[in-house]
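Written out below as C-alpha cells is the structure these notes cover.
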Amino acid sequence: MRRRTVGVVAAATALALAVTACSKPTPAPTQTEGFNAAVGQVYNASDYKGGTLTFAVSSDWDSVDPGDTYYGLSWNLVRLYSRSLVMFKPQPGKAGNELTPDLAQSLGTPSDGGKTWTYKLRSGLKFEDGTPITSKDVKYAVLRSLDSSVLKNGVGPYYMGVYLDLEPGYVGPYTTPNIEEKTAIETPDDQTIVFHLKQPFGGFDYFAMLPVTAPVPQAKDKGALYKEHVVSSGPYMFASYESGKGFTLTRNPNWDQSTDPNRQALPDGYNVKIGLKADDIDQQIANGTIDVDLAGTGVQSAMLPQVLDEGNPLHARGDNPGSARLWYTSIIGTVAPLDNVHCRKAIEYAADRTGYQTAYGGPFAGGDINTSVLVPPIPGYKQIDPYPSTDHKGDVDKAKDELNQCGQPNGFSTTMAYRSDRPKEEAVAESLQQSLSRVGINLTLQGIPTGDYFSSTVGVPSYVVEHKIGLATNGWAADWNDGYGMLGSIVDSRLINPNGGSSNLSVRDPDVDALVDQALGSSDAAAREGIWAQVDAKVMDDAYILPGVWSKAVTLRSKNAANIFVNEAFGQYDYLTMSVAPPA
C-alpha cells in the first residue's frame, strides 16, 4: 500500500462486498508451534486480557495521523486507536480481504446509479474525552485529508479528492477556509453521512475503508502536527508520543465494546519503539523482548538461515506468507539520459534479477522473480517477459544495443536511491550497481530514511531532478486485490504530486492514463481485467519500472503473544488482534 485514479466504475464492480458480520478472529486455532502455523489460521488462540505488547521498527514511517499515512504497516496499526467507516475483517485467510462495517452500521447504501453513497453511524460512539462522535467529525476528517500541501502522505487527494463532487476550488479547510463545502458530503443528522460523487463508482466501500474516514474533532486539529496527539476513536489512545523515537498506547476509557464488534482489545497497552536496527529487532523477537517487527517484510539475512533450518528451534516460530506485493525499482524518465526510452530499456536488459531476488532472501524467503508489474494474485495478470535473459541474469548484448540507440554507447552515470534503514533495499541497490556496471551504467548509491523517502525526497519530482536520481527502490502492495488496487496508484501520472507523497515516481504516459480510465469505465469484469493486462504491458514497454520480486517473507512469531495470524489484506501479522499470551 502506499495512491489512486480518475475514471468510472460501474456498480457491478465485483469488489463492492456486502459483508456485515462480526469479525472476531477465532476460526481454526492451532495450539502448537510449527512453521506457517499463523498462515490461514489463528496461532495460540486466547481470550486472556491484560499485559503490554512491544512493537518495533527500524525507522519512522510517514505519520500516525490517519489522514496523513499510506504505509501498509500504518494502516494495519492505526486500527488500534482509530475507527474508519468500514474496515477489512480482522480474520485469517481469504476473509481478511473482505469488508465489514466499523463506525458504520452497515456497508454503504448506493443510490443515483452509484454516484451517491450513504452511511449510518452506530449509536454510542465517543472520542477519548467522552465527546460523542458525529457524522460531522467524519466529514471534517475526509475534507482535511484533501489538502496535500499540509498532509502530504495520505490518500485523501488520490481517492476522495478525485471522485467527490467538491465545490469548485475547494482543496480542504486549511487552504480554502473561505469556501464552505456543501456539494460533496452531506450530514443531514449526527448519525448520517452522504457522499456525492462526480461519477458512479461501485467500489466506494473501499474508500470508506481508508483511514481518512476516521473521525477528527475540528477543535483538536493541528494540521501536520495533529500526529503529536491523535484523538482516539478506537480502544486505545496515545499516552506518549516522541517523533522518530516511539510512542505508547493505553486503554481509551470511553471506548465501548458494545459499539465495536470487530475488536476484542485484549492487551492493556502497547509500547512502540522506533529507530532500532533491523537485525537487533530480529534478535529481540527471537529472545522475547519484542513481539513484532512493524515493517512486516521479514527477518533480515543474519537471522534467515536460523529460521529456515528445520533443526533450529526458531523454525517452528516461522511463517512464510505471500502477498499481492511487488518489490521493484522506479526508472525515472525526468532525469537525463533516462528521458530516452532506450536508455531505460538498457537498464531493463542489463539488470541481474537473480541478484534482486537474493537481496530479498532468495526464492523461498524473498519471493519469485517477477517480469511484469502485475503479480499473479491479481485478476488480469498475464505472464510476460519483455526483457528476457538466460536465468534472469541479464542480457549484456541487448543492453549495449539499447545504449547505442539512446546515444550512450559507453554507458552513463546516475544516482540510485534506496531506503537506508532497509538492508534488503540497500542490497538491491548494490546488486544493481554491480550488474549495470557491466555495460558502463555507473550508479552512485544514496540511502534515505523511510520517513523522508516519499514525503520529502524521491516522492518530490523537483527533488529528484535537482539531485539527478535516476533510479529508486520502491515497493507496492495492492490496496485491494484487483487491477485498480494494484496499478492505479503507481502508474497513473495524474497522481504524481508536486508536493511529494506520491507512490508513482516514474510512470508518465498519457496512453497509460487513458487505459486506466478505460478499465474503470467498463462494467464487464473480464474486459476490465484484459485492460489491466494492457496497462501492465504498456508500462513495461515504456521501461519506467524494473520489476524485482513478487513478495514472500519469512517472519518470526513472538514467543509471548497470542491470537497471531497473517491478515491477507495487509500481508502482515494482524496487529489489531494480537494479544499477550496468558501467564504460564
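With an 8 Å Cα cut-off and a minimum separation of 6 or more residues, compute the relative contact order for region 338-489 in percent.
27
Where does region 499-584 land on Rg(C-alpha)/(2.2 N^0.38 Å)?
1.68
Nearest 20 debye, what's the magnitude of the dipole of the chain about its Cα centre given +1 on Lys and Arg Cβ and -1 on Asp and Glu Cβ?
It works out to roughly 520 debye.
For K198, which lysines qualify as cross-link partners when the Cα separation must be under 22 Å and same-chain residues fewer than eight apart are set aside?
Those lysines meeting the cut-off are K115, K120, K136, K139, K182.
For a quick size check, give me the Cα extents of the chain along its three principal axes, largest first, whole Å.
69, 62, 43
Taking a probe of 1.4 Å, how large is the accessible area per residue of region 325-467, in Å²?
38
Peptides 307-313, 360-366, 472-478: what's the order by average Cβ count within 10 Å, highest mean first?
Ranking, from highest mean packing down: 472-478, 360-366, 307-313.
Cα centroid distance between region 244-299 and region 528-584, in Å?
Region 244-299 and region 528-584 have Cα centres separated by 18 Å.
Taking +1 at the Cβ of each Lys and Arg and -1 at the Cβ of each Asp and Glu, which of N76, F207, P92 sits farthest along the dipole of region 75-207 towards its positive end, judged by Cα position relative to the Cα centre?
P92
Highest first, please rank the peptides 399-411, 260-272 by the mean number of other Cβ atoms sitting within 10 Å of their residues.
Those peptides, ordered most packed to least, come out 260-272, 399-411.
Positive end of the dipole of the chain, charges at C-beta (+1 Lys, Arg; -1 Asp, Glu), about the Cα centre: which of V42, V375, L546 has its Cα farthest in that direction?
Value: V42.
Rounded to the nearest Å, what's the spacing between the alpha carbon centres of region 326-357 and region 470-515? Just the number, please.
Between the Cα centre of region 326-357 and that of region 470-515, the gap is 16 Å.
Just how many pairs of Lys in region 318-472 have C-alpha atoms closer than 22 Å, counting pairs that are eight or more places apart or on different chains?
For region 318-472, the number of qualifying lysine pairs is 7.
Looking at S135, G154, L197, which one has the Cα that reaches farthest to the positive end of the dipole of region 100-225 (charges on Cβ: Lys, Arg +1; Asp, Glu -1)?
Farthest towards the positive pole: G154.
Taking the Cα-to-Cβ direction at E242 and at I179 and moving 7 Å from each Cα, how far apart do the two end points lie in nm?
For E242 paired with I179, the spin-label model returns 4.2 nm.
Under a point spin-label approximation (7 Å from Cα along Cα-to-Cβ), what is the E466-K222 distance to one decimal in nm?
Between E466 and K222, the label points sit 2.8 nm apart.
At a temperature of 20 °C and a viscosity of 1.002 mPa s, determine how fast region 99-140 diffuses translationally according to Stokes-Einstein, using the Kirkwood radius over alpha-carbon pairs as Rh; express D in µm²/s, rounded to the nearest whole number.
185
At 7 Å along Cα-to-Cβ for each site, give me the label-to-label distance between D268 and F364 in nm.
Taking the simple label geometry, D268 and F364 are separated by 4.1 nm.
Quick one: putting +1 on the C-beta of Lys and Arg, -1 on the C-beta of Asp and Glu, what dipole do you get for region 41-180 around its Cα centre, in Debye to the nearest 20?
Taking the Cα centre of region 41-180 as origin, the dipole is about 460 debye.
Express the carbon and sulfur contribution to the solvent-accessible surface of the chain as a percent, rounded to the nearest whole number, probe 1.4 angstrom.
In the chain, the share of accessible area belonging to carbon and sulfur is 49 percent.
Please compute the contact order of region 482-584 in relative form: average sequence separation of alpha-carbon pairs under 8 Å and at least six residues apart, divided by the residue count, as a percent.
17
Can you give the accessible area of D129, probe radius 1.4 Å, in Å² rounded to 10?
Ignoring ligands and nucleic acids, D129 comes out at about 80 Å².
Taking only C-alpha pairs under 8 Å that are 6+ residues apart, what is the relative contact order of region 283-340 in percent?
15
Pull up the cross-link candidates among the lysines for K559, meaning alpha carbon to alpha carbon under 19 Å and not fewer than 8 places away within one chain.
Cα-Cα hits under 19 Å: K49, K273.
Express in Å², to the nearest 10, the accessible area of E568 obtained by rolling a 1.4 Å probe over the protein heavy atoms while all chains stay in place.
For E568, the solvent-accessible surface is approximately 80 Å².
Can you tell me the dipole magnitude for region 455-584 around its Cα centre, using point charges on the Cβ only (Lys, Arg +1; Asp, Glu -1), in Debye to the nearest 20?
Approximately 700 debye in magnitude.
The values are calculated or read from the model by the stated rules, or taken from the named source; none is laboratory data. No experiment lies behind these values; they were computed from the predicted model shown. When we count neighbours, we look across all protein chains shown, and the Cβ atoms used for this are built from the backbone with ideal geometry, even at glycine. The area values use the complete protein model at the heavy-atom level, side chains included, leaving out ligands, DNA and RNA. Shrake-Rupley method; radii C 1.70, N 1.55, O 1.52, S 1.80 Å.
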